[in-house]
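A.B. asks: Dumping the structure here so I can ask a few things about it.
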Amino acid sequence: MAASAQGLARGQLRLRTAGLCCRRPSRGLYARVRRLPGPEVPGRSVAAVSGPGAWGTDSYCLELLRKRDYEGYLCSLLLPAESRSSAFALRAFNVELAQVKDSISEKTIGLMRMQFWRKTVEDIYCDNPPHQPVAIELWKAVKRHNLTKRWLMNIIDEREKNLDDKAYRNIKELENYAENTQCSLLYLTLEILGIKDLHADHAASHIGKAQGIVTCLRATPYHVSRRKVFLPMDICMLHGVSQEDFLRRNQDKNVRDVIYDIASQAHLHLKHARSFHKSVPVKAFPAFLQTVSLEDFLKKIQRVDFDIFHPSLQQKNSLLPLYLYIQSWRKIY
């Protein structure tokens, strides 16, 4: 997948820029993190699972997101009030699965944890969630919105397969991973918003793949620090770049060309997602607010000429909450 095949010159990788404003973001964005109302669900009473150890399960999910998935945390704050607590639960579930790989020393332990979550989802759909904060909140979300079990299981299955420390063989393999994780997460978010629309699903598919690709790029310096490289091997081979080149943090043209090709693929997915803009219900737009952070990263990496190890790429954008608020107010994605 050479740069010429993408039909994009580096100078032509142009991304829409959110409007800038010198004002400080409204405190209302942060005020929403206060106590979230618990949902009323049919069947088993929430009180039945709100004994010792379960108090403040909504706050637990919120705090987990704030620490481990700050961008997802900000995006969830801008969802409609009736959907917010469920979105926090869903993203907290994703965080729990995502951090398994980096918190284990042996694959067997990771498999055991994945099995725990697989059984947890089964128990949730049997109306018998375990006394675990994320599980309890996810059960509430499932009961309230009748979430599709298959999407939850897809996330677990794909995260489990990813416990093997192997580089993606090609960009398609990376996209498949993103489809089963990030896209599944977006499909569930659309269900939380009450959206059943083919165009919204298509947009979610492309945005999720862009998210997966960008996440892989952003994590590269961290993985390299642990002597691991997961970038698609087909693109590396195309430019004559080895894993050792990344481990040595080489910054020559061939290494940058690898990053350029991968970033261009993420950009194309964002472009395809936005091609459905006029057909996607406006009610679905809040589910796609993560395009703001994706666009921000792609612009930053372009500015440093696709140097994946540039220090600026590891810095948080302090204006991200403002950009998200503007995007939400403009009702675009």
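The values are calculated or read from the model by the stated rules, or taken from the named source; none is laboratory data. Values in this document were obtained by computation on a predicted structure and should not be read as measured data. For neighbour counting, all protein chains shown are included, and Cβ atoms are generated from backbone atoms with ideal geometry for every residue, glycine included. We work out accessible area using only protein heavy atoms, side chains counted, and drop any ligands, DNA or RNA first. Shrake-Rupley method; radii C 1.70, N 1.55, O 1.52, S 1.80 Å.
A.B. asks: Please verify whether residue 191 is under 25 Å from residue 99 (Cβ atoms), open to solvent by 30 Å² or more (accessible area, probe 1.4 Å) and out of contact with any Asp or Glu (no Cβ under 9 Å at 6 or more places or on another chain), treating the condition exactly as stated.
C.D. replies: Values: under 25 Å from residue 99 (Cβ atoms): yes; open to solvent by 30 Å² or more (accessible area, probe 1.4 Å): yes; out of contact with any Asp or Glu (no Cβ under 9 Å at 6 or more places or on another chain): yes.
The answer is yes for residue 191.
A.B. asks: Could you tell me whether any residue of the stretch 287-298 is open to solvent by 20 Å² or more (accessible area, probe 1.4 Å), within 30 Å of residue 253 (Cα to Cα) and not small (Gly, Ala, Ser)?
C.D. replies: yes
A.B. asks: Can you tell me how many residues in the stretch 246-255 are assigned to a helix (DSSP H, G or I) and over 28 Å from the mean Cα position of the chain (by Cα)? Write out each step before concluding.
C.D. replies: Within the stretch 246-255, the subset assigned to a helix (DSSP H, G or I) is 246-247, 253-255.
Imposing the further condition that a residue be over 28 Å from the mean Cα position of the chain (by Cα) reduces the set to 253-254.
Of the residues in that region, 2 qualify.
A.B. asks: Just one of 222, 168, 187 is hydroxyl-bearing (Ser, Thr, Tyr) and out of contact with any helix residue (DSSP H, G or I) (no Cβ under 7 Å at 6 or more places or on another chain); which is it?
C.D. replies: So the residue among 222, 168, 187 that is hydroxyl-bearing (Ser, Thr, Tyr) and out of contact with any helix residue (DSSP H, G or I) (no Cβ under 7 Å at 6 or more places or on another chain) is 222.
A.B. asks: If you don't mind, there's one more thing I want to ask. Could you check the stretch 122-151 and list, in sequence order, the residues that are within 19 Å of the chain's Cα centre (by Cα) and aromatic (Phe, Trp, Tyr)?
C.D. replies: Correct list: 151 only.
A.B. asks: Under 20 Å from residue 293 (Cβ atoms) and either part of a loop (DSSP other than H, G, I, E, B) or modelled with pLDDT of 95 or more (or both): does that describe residue 54?
C.D. replies: no
A.B. asks: Also, quick follow-up: Do we have residue 309 as touching a His at 6+ places or on another chain (Cβ under 8 Å), touching a residue at least 60 places away in the same chain (Cβ under 8 Å), open to solvent by 20 Å² or more (accessible area, probe 1.4 Å) and assigned to a loop (DSSP other than H, G, I, E, B) here? Outline the logic, then answer.
C.D. replies: On the way: touching a His at 6+ places or on another chain (Cβ under 8 Å): no; touching a residue at least 60 places away in the same chain (Cβ under 8 Å): yes; open to solvent by 20 Å² or more (accessible area, probe 1.4 Å): yes; assigned to a loop (DSSP other than H, G, I, E, B): yes.
Here the answer is no, as residue 309 does not meet what is asked.
A.B. asks: Let me ask another. Name the single residue, out of those in the stretch 269-286 being of a type in the set (Gly, Ala, Ser) and surrounded by 18 or more Cβ atoms within 10 Å (Cβ to Cβ), that is farthest from residue 193 (Cα to Cα). Spell out how you get there, then give the answer.
C.D. replies: Start the filter on the stretch 269-286 by keeping residues that are of a type in the set (Gly, Ala, Ser), which leaves 273, 275, 279, 284.
Subset that is surrounded by 18 or more Cβ atoms within 10 Å (Cβ to Cβ): 273, 284.
Details: 273: 18, 284: 7 Å.
Only one residue fits best here, namely 273.
A.B. asks: Listed residues 196, 172; which is under 30 Å from residue 239 (Cβ atoms) and not hydroxyl-bearing (Ser, Thr, Tyr)? If you could, list the steps in order and put the result at the bottom.
C.D. replies: Working: 196 fails: under 30 Å from residue 239 (Cβ atoms).
Of 196, 172, the one residue that is under 30 Å from residue 239 (Cβ atoms) and not hydroxyl-bearing (Ser, Thr, Tyr) is 172.
A.B. asks: Answer yes if at least one residue in the stretch 73-91 is closer than 24 Å to residue 212 by Cβ, open to solvent by 30 Å² or more (accessible area, probe 1.4 Å), among the charged types (D, E, K, R) and in a helix (DSSP H, G or I), and no otherwise. If you could, list the steps in order and put the result at the bottom.
C.D. replies: First, pick out the residues of the stretch 73-91 that are closer than 24 Å to residue 212 by Cβ: 73-79, 83, 86-91.
Add one more test, that the residue is open to solvent by 30 Å² or more (accessible area, probe 1.4 Å), and what stays is 91.
Among the residues that remain, those that are also among the charged types (D, E, K, R) are: 91.
Checking the rest, the ones that are also in a helix (DSSP H, G or I) come to 91.
Checked against the condition, which is being closer than 24 Å to residue 212 by Cβ, open to solvent by 30 Å² or more (accessible area, probe 1.4 Å), among the charged types (D, E, K, R) and in a helix (DSSP H, G or I), the stretch 73-91 yields at least one hit.
A.B. asks: Of the residues 262, 326, only one is among the aliphatic types (A, V, I, L, M) and within 29 Å of residue 225 (Cβ to Cβ); which?
C.D. replies: Numbers: 326 fails: within 29 Å of residue 225 (Cβ to Cβ).
It is 262.
A.B. asks: Something else now. Among the candidates 163, 111, 90, 78, which residue alone is touching a Phe, Trp or Tyr at 6+ places or on another chain (Cβ under 9 Å) and on the phi < 0 side of the Ramachandran plot? Show your work before the answer.
C.D. replies: Details: 163 fails: touching a Phe, Trp or Tyr at 6+ places or on another chain (Cβ under 9 Å); 111 fails: touching a Phe, Trp or Tyr at 6+ places or on another chain (Cβ under 9 Å); 90 fails: touching a Phe, Trp or Tyr at 6+ places or on another chain (Cβ under 9 Å).
Result: 78 is the single residue among 163, 111, 90, 78 that is touching a Phe, Trp or Tyr at 6+ places or on another chain (Cβ under 9 Å) and on the phi < 0 side of the Ramachandran plot.
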